[in-house]
Amino acid sequence: MNVEHKSIRCSSFYMLQQLENYNDIQSIFCYRNQLSELPELPTSLKLLSCGHNNLTRLPKLPESLEKLYCIKNLLTVLPELPKGLKYLGCSLNKLTHLPNLPESLEDLFCFGNQLTSLPNLPIGLKEMGCSQNKLTYLPKLPDSLKEIFISGNQLTFIPKLPDSLVELNCNNNNLLILPHLPESLIKLNYTFNPIYNYIKNNCNGEIDLHHKENKIFANKIGSWFLECKYKPNYKYCRDIVNKEYDEVFRKSIEKN
């Protein structure tokens, strides 16, 4: 056990048990020690680095905690996260879901788990790394995001991107369309997606040309809709559309 400047480095569970005598400790480093559990943590703790162990669960986290590094363990669930947490690194575990994320969170790294969805993202989140999971959709992306890493999932679309985004890595998904790309974007990787091959083969690999063609096509659909709605010679089409709409509306009323 090495204690200096309110920081502690431990190499065994026995040493960690001595923590109850160090309630003023602010940082704990106990990574790469084959630990299977942790004792009760100090109430003043601000940083916990317990990655590369055999942890299956974490103890209750103190409200003072600001940074949590628990990468590469055997965790299937995380405890409730402190309201002041700024950094969460829980990659390479066996997590199927995440707890509610505190609004204070700025950095989220959870790649290499078994996540199928994400909770609502904090409004101040700056960096998000959720690659190599089983995500099929994303929640609303906060305007504060600078970097997004979501490769190796099962996404078919991405919600509106924040205007401040600098880097987007979304390769190896099932993306059929790309959202509007902000001018702030510097790095983009969207290979190994259906949309990549489409843009490569039909738009000479130019994303701007693809978005331009999409806008033209959308305008055409709008014109066709107006023609079907108002022109007498499109009465048959109009009747079919109205019938389908009424059926969908009826089913939605029955469900409620």
Open item on the list: Return the residues of region 169-178 that are surrounded by 15 or more Cβ atoms within 10 Å (Cβ to Cβ) and assigned to a loop (DSSP other than H, G, I, E, B); say none if nothing qualifies.
Closed with: CYS170, ASN171, ASN172, ASN173, LEU175, LEU178
Open item on the list: Name the residue that is farthest from LEU185 (Cα to Cα), counting only residues in region 128-167 that are among the hydroxyl-bearing types (Ser, Thr, Tyr) and within 10 Å of the chain's Cα centre (by Cα).
Closed with: TYR137
Open item on the list: Considering only residues that are in contact with a His (Cβ under 8 Å, 6 or more places away or on another chain) and among the hydrophobic types (A, V, I, L, M, F, W, C), which ones fall in region 65-76?
Closed with: ILE71
Open item on the list: Give me the strands (runs of 3 or more DSSP E) completely within region 1-62, filtered to those with at least 3 residues that are at pLDDT 90 or above and basic (Lys, Arg), ordered by residue number.
Closed with: none
Task: Scan of region 131-145 for residues that are of a type outside the set (Lys, Arg) and under 20 Å from LYS160 (Cβ atoms), ordered by number - done: LEU135, THR136, TYR137, LEU138, PRO139, LEU141, PRO142, ASP143, SER144, LEU145
Open item on the list: Among (1) in contact with a His (Cβ under 9 Å, 6 or more places away or on another chain); (2) within 24 Å of GLY84 (Cα to Cα), there is one condition LEU181 misses while meeting the rest; what is its number?
Closed with: (2)
Open item on the list: Return the pair list, or none, for Cβ contacts closer than 7 Å from residues in region 170-186 that are under 13 Å from ILE148 (Cα atoms) to residues that are of a type in the set (Phe, Trp, Tyr) and in a loop (DSSP other than H, G, I, E, B), at least 6 apart or on different chains.
Closed with: CYS170/TYR190; ASN171/TYR190; ASN171/PHE192
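The values are calculated or read from the model by the stated rules, or taken from the named source; none is laboratory data. Keep in mind that this is a model prediction, so the values were computed, not measured. Every residue, glycine among them, receives a Cβ derived from its backbone with ideal geometry; neighbour counts consider all protein chains shown.
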